[in-house]
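Working notes for the structure below.
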Amino acid sequence: MPVFPVCSNKTCVATIFVCDGDDDCGDGSDERKCPPLTCNPNEFQCNNSQCIPQIWVCDNQPDCEDHSDELMEKCGYKSKPPIMSTCASHEFRCGNGECIHLNWKCDGDEDCKDKSDEQECREYPQEHEMVFGDRNLNSRSS
Ligand SMILES: [Ca+2]
Ligand SMILES: [Ca+2]
Ligand SMILES: [Ca+2]
């Protein structure tokens, strides 16, 4: 029979109440020296052995006290990419943080969801051909 220390505040609790997940001592001491609780199948166990509902994992809000439900390694791109994401040197970073290949910038196609890859393309001629029509040639003075 495992012997558990009585509560730190000298309250006595029955052995069956020790490590049952409820604070019976009133100061939590009957739950403090327990092996980590296992979570229900529909729950996620944080790295600090907290249990949170699975649907809270990767919802972009830290629900574990240690934020382990929102780790990048765990969530990958299930959660929104962080705003300050960095792109590789051969990539262009869109205004919304997306990364696209540099060659896609100013190629006439909107590759960023916010179209920012096609917004700063001043030197890229797209509709300038119309300017040099016949009228322009005729008005040229000699
Ligand atoms: Ca208890
Ligand atoms: Ca969360
Ligand atoms: Ca483009």
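Rule-based calculations on the coordinates, nothing more; no lab input. These numbers come from a predicted model, not from an experiment. Backbone-built Cβ (ideal geometry, glycine too); neighbour counts: all protein chains shown.
Cβ crowding within 10 Å, taken as a proxy for footprinting-reagent exposure, orders ILE55, ILE100 from fewest neighbours to most as ILE55, ILE100.
Length gained on full extension, ASN96 to ASP63: 9.4 nm, using 0.36 nm per residue less the C-alpha separation. Taking 0.36 nm per residue of separation and subtracting the current Cα-Cα distance, fully stretching the chain between THR15 and THR38 would add 6.4 nm.
Between CYS87 and GLU120, the modelled label-to-label distance comes to 1.0 nm, taking each label 7 Å out from Cα in the direction of the beta carbon.
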